1. What tally of residues in the stretch 280-299 results from selecting those that are of a type in the set (A, V, I, L, M, F, W, C) and surrounded by 17 or more Cβ atoms within 10 Å (Cβ to Cβ)?
2. Here are A259, A227, A211: which of them is at pLDDT 95 or above, small (G, A, S) and over 16 Å from A290 (Cα atoms)?
3. Could you say whether any residue in the stretch 85-95 is surrounded by 17 or more Cβ atoms within 10 Å (Cβ to Cβ) and within 29 Å of L315 (Cα to Cα)?
4. Between S312, S252, which is in contact with an Asp or Glu (Cβ under 8 Å, 6 or more places away or on another chain) and surrounded by 20 or more Cβ atoms within 10 Å (Cβ to Cβ)?
5. How many residues are touching a residue at least 40 places away in the same chain (Cβ under 8 Å), surrounded by fewer than 18 Cβ atoms within 10 Å (Cβ to Cβ), more than 24 Å from T5 (Cα to Cα) and not charged (D, E, K, R) when one looks only at the stretch 96-145?
6. Where residues in the stretch 259-282 are in contact (Cβ under 8 Å) with a residue 60 or more places away in the chain and part of a helix (DSSP H, G or I), which of them is nearest to F178 (Cα to Cα)?
7. Kindly establish whether L202 is buried (at least 18 other Cβ atoms within 10 Å of the Cβ) and not assigned by TED's automatic domain parsing to the domain that holds I99.
8. Just for the stretch 247-256: of the residues that are basic (K, R) and either assigned to a strand (DSSP E or B) or more than 12 Å from V229 (Cα to Cα) (or both), which one is modelled with the highest pLDDT?
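The values are calculated or read from the model by the stated rules, or taken from the named source; none is laboratory data. Owing to the predicted nature of the structure, the values given are computational and were not obtained by experimental measurement. Here Cβ is always computed from backbone atoms with ideal geometry, including for glycine, and neighbour counts include all displayed protein chains.
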Amino acid sequence: MRHITPNYDEIDESFVSSTLRIHDLGYDPAGFFTTKKEVLEICDARRRIIGFTTLTHKSGGCVKTGPTILRSPFRNRGYGLATRMAIEERLRPASVRKIYCTCPEKVEHVARYLLAAGMRIEAHLERHYAPTHNELVFGKLLVADEAPSTHWETQVGNLRGIVCEPSAFDRKTLIADFGRLFEITWSPVTRKFATAVVTQGLDARIGNEGAKPKRLVCLRNGKHCVAAVALLPKRGGAVKGLLLRGTRHKSSLRELLAAASSLASNLRRRKLYFIHPLLDSAALAIFRSAGFQTEGLIRAPYRPGQDAVVISKFL
């Protein structure tokens, strides 16, 4: 907490205990793209514990590194760069495609060693985790990326939808529709994953310590959900959104996005941001018409060959 709280808002003991609980479980019961977390010691050649790091595994073969903390006597001595190399050595045998991390823009020495380790700046997030400074997103592909492909317009219709709550659907139907929409936009997911997200959307109460309940806003056409926005409140005042669409009906999608923005504002969050596939130009045009600004291009975060745009606005 001494290391993190100066640069990040809403960090308390629940952040630490939640991370350790997920490590002990071996999976993340409340994750969206997160599958599990590993909290690891960092040791030197004499087996002295000089710090620790956390590896957050994402679906699609990506891992977020950090927070990485070195004890004071071992800082500015090359251990940071050595730790980056050790992280890669640990992850390569597990067929991890990419690693990424974030860093406050004002912490220059950290940015320098990340660049020296081969990381590249992919996004510059404005007042993201705290209103006092911006955040840099660094990424590094560990394997060669695949060729991009586009598939949205061949799988979506032009159905008009009505904005509604997730409770407006039969639960089994919504789970099946959510899984289909997620596959169209990103990649196939298990029924267990779709069930977990829909269940949290239907019951937004905080269940476990440190949990951040997901919210769902849907577009309904008949008995089915033809598009949805999933919202995940993040520490520091932002809300992460995912637009999952099975229709190209522009006015309906604008209404859906407006409803999601209103809900995020009602959650007393100050910023709403989305990560959305770069090649879905139709959806990105709708975001821009709603006042969202581009903050970066993330290389293949959740699917090989599928780059994504970070796009946001302040509420």
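1. Total meeting the criteria: 6.
2. That would be A227, the only listed residue that is at pLDDT 95 or above, small (G, A, S) and over 16 Å from A290 (Cα atoms).
3. no
4. S312
5. The number of residues fulfilling the criteria is 3.
6. For the stretch 259-282, the residue satisfying everything is A259.
7. No.
8. Filtering first and then ranking leaves K250.
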